[in-house]
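Trainee: Structure provided below as structure tokens; questions to follow.
The values are calculated or read from the model by the stated rules, or taken from the named source; none is laboratory data. Just so it is clear, the structure is predicted and the values come from calculations on it, not from any experiment. Note that each Cβ is placed from the backbone with ideal geometry, even for glycine, and that neighbours are counted across all protein chains shown.
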Amino acid sequence: MAKTRAPDEAPPNEPSKRRPKPLDLPGENGDISALLRQAAGAQRLAEERLLADLGVTPPQLAALALIGAHPGLLAADLARKAKLTPQTVSLIVANLRRAGFAREEEGAASRARPLSLTPAGEKILRQGRERTQAASARLVDGLRPKREKALRRWLAAIAAGLPSPGAVLEADEL
């Protein structure tokens, strides 16, 4: 007796030409801002787990990255670039200084002192970047280059505060 195949099943010895089933994710048709918050929360949790043994949090790593990219950066400028409150940045910098990852330059004439990384901070930044870059790569794994570019453009437009972030997408990116 011959075995019957399902209509979408490939015959034996032939590669499957079926399209993967679309994912049925909870909330996939939900409010876009809620989905963005959920995605950001999930990514942050993944990064927290990746960085836990290094002794830094994702916001602290972001601050280290900004200080590393702009040696001599003032805490007020760090707050503006990171889009955080001065109070939050003050706490982050204090924790980085206490851990020995950042220092305030001595000899500044004003109360505002330029920030720089210590050798330990440079090491943590390098290790943290390797880990978070791998996690970021997984986010776009399987996306076609045009779709990835569109996603990056859309997220950058949101971060820049553009009133219509979807308007930056070109037809060939969709």
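Trainee: What are the residues in region 69-82 that are touching a helix residue (DSSP H, G or I) at 6+ places or on another chain (Cβ under 8 Å), of a type outside the set (Gly, Ala, Ser) and free of Cβ contacts under 8 Å to residues at least 24 places away in the same chain, if any?
Mentor: First, the residues of region 69-82 that are touching a helix residue (DSSP H, G or I) at 6+ places or on another chain (Cβ under 8 Å): 70, 73, 75-76, 78-79, 81-82.
From what's left, of a type outside the set (Gly, Ala, Ser): 70, 73, 78, 81.
Scanning region 69-82 gives HIS70, LYS81.
Trainee: Give the residues of region 86-131 that are in a helix (DSSP H, G or I), touching a residue at least 24 places away in the same chain (Cβ under 8 Å) and acidic (Asp, Glu), sorted by residue number.
Mentor: Correct list: GLU122 only.
Trainee: From the list GLY30, GLY41, GLY68, GLY72, exactly one residue is at pLDDT 95 or above and of a type outside the set (A, V, I, L, M). Which is it? Don't jump to the end; show me each part of the working.
Mentor: Values: GLY30 fails: at pLDDT 95 or above; GLY41 fails: at pLDDT 95 or above; GLY72 fails: at pLDDT 95 or above.
Answer to the selection: GLY68.
Trainee: From (1) charged (D, E, K, R); (2) modelled with pLDDT of 90 or more; (3) over 23 Å from the mean Cα position of the chain (by Cα), pick out the condition that doesn't hold for ARG49.
Mentor: ARG49 satisfies every listed condition except (3).
A quick yes/no check of all residues on (1) out of contact with any Ser or Thr (no Cβ under 7 Å at 6 or more places or on another chain); (2) surrounded by 14 or more Cβ atoms within 10 Å (Cβ to Cβ); (3) at pLDDT 95 or above:
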| position | (1), (2), (3) |
| --- | --- |
| THR118 | yes, yes, yes |
| ARG126 | yes, no, yes |
| ARG129 | yes, yes, yes |
| GLY142 | yes, no, no |
| ALA150 | yes, yes, no |
| ARG153 | yes, yes, no |
| PRO163 | yes, no, no |
| ALA171 | yes, no, no |
